[in-house]
Amino acid sequence: MTRFGRITIAMFTLLALSVSTVRAAPPGVGLVAGSIGAYATTARAVTYDRRVPAGAVATVLRLSGPHRTLVSLTPVGLLPHREYGAHVHTMPCGAHPAEAGPHYQNVPSSDPASANPDNEIWLDFTTDATGTAIALTTVDWTFTERQAHSVVIHEHHTHRGGAAGARLACLNVDFR
Ligand SMILES: [Cu+2]
């Protein structure tokens, strides 16, 4: 493992530990870290496929200003040198991948053109040699009471129209 990989894992282990002890995040900030494993009703993060190995960890950070939102996704422990897709979805993670529902959209629409990275949160990434990556996006809107409840990791980068293949894993995150 590279020095960068060790430092990254140490950093996110610390983050994960701190998240479990901090109950209330400051306004405008949300941080969720989850160890990915088999589905359970209490599971923070669920894998549905070996391409997201059990034991991987994912961290999601949300920063909200009055009119803008930044979301980052940092997975550790995935397959090396591999492209994954990821988006914010509407429903919590379930026993079956489809239970996370569709992509969260700022302006809900059935028009395929509305499935784009300005109207949705896309967090595609490519892992390094250690299976680590950082994805980051900003949009010029904030989450509302129509809450988004999860981040889903998909089998490949997102194509036009929002398709990214099978749902490999899911992390419960309440965006608000
Ligand atoms: Cu998705």
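Laboratory data are not the source of any read-out in this text; all were calculated from the coordinates shown. Please read these numbers as outputs of a predicted model, since none were measured by experiment. Note: ideal-geometry Cβ built from the backbone for every residue, glycine included; neighbour counts use all protein chains shown.
Remarks
- Net charge of neighbours whose Cβ lies under 11 Å from the Cβ of Gln105, counting Lys and Arg as +1 and Asp and Glu as -1: -2
- Summary value for region 51-152: 37 percent relative contact order, contacts being C-alpha pairs under 8 angstrom separated by 6+ residues.
- Unit Cα scatterers, Debye sum, region 98-155: log10 I(q)/I(0) for q = 0.15, 0.18, 0.20, 0.25 Å⁻¹: -0.53, -0.73, -0.87, -1.20
- Sequence-ordered 3J(HN,Hα) estimates for region 155-163 from the Karplus curve with 6.51, -1.76 and 1.60 and θ = phi - 60° stand at 6, 8, 4, 7, 8, 3, x, x, 7 Hz, glycine and proline given as x.
- For region 3-172, a simple Cβ point-charge model (Lys and Arg +1, Asp and Glu -1, everything else neutral) yields a dipole of about 520 debye relative to the Cα centre.
- For region 3-172: relative contact order, % (alpha-carbon pairs under 8 angstrom, 6 or more apart): 25
- Computed from the alpha carbon positions, the gyration tensor of region 3-172 leads to an equivalent ellipsoid with semi-axes of 23, 19, 16 Å, biggest first.
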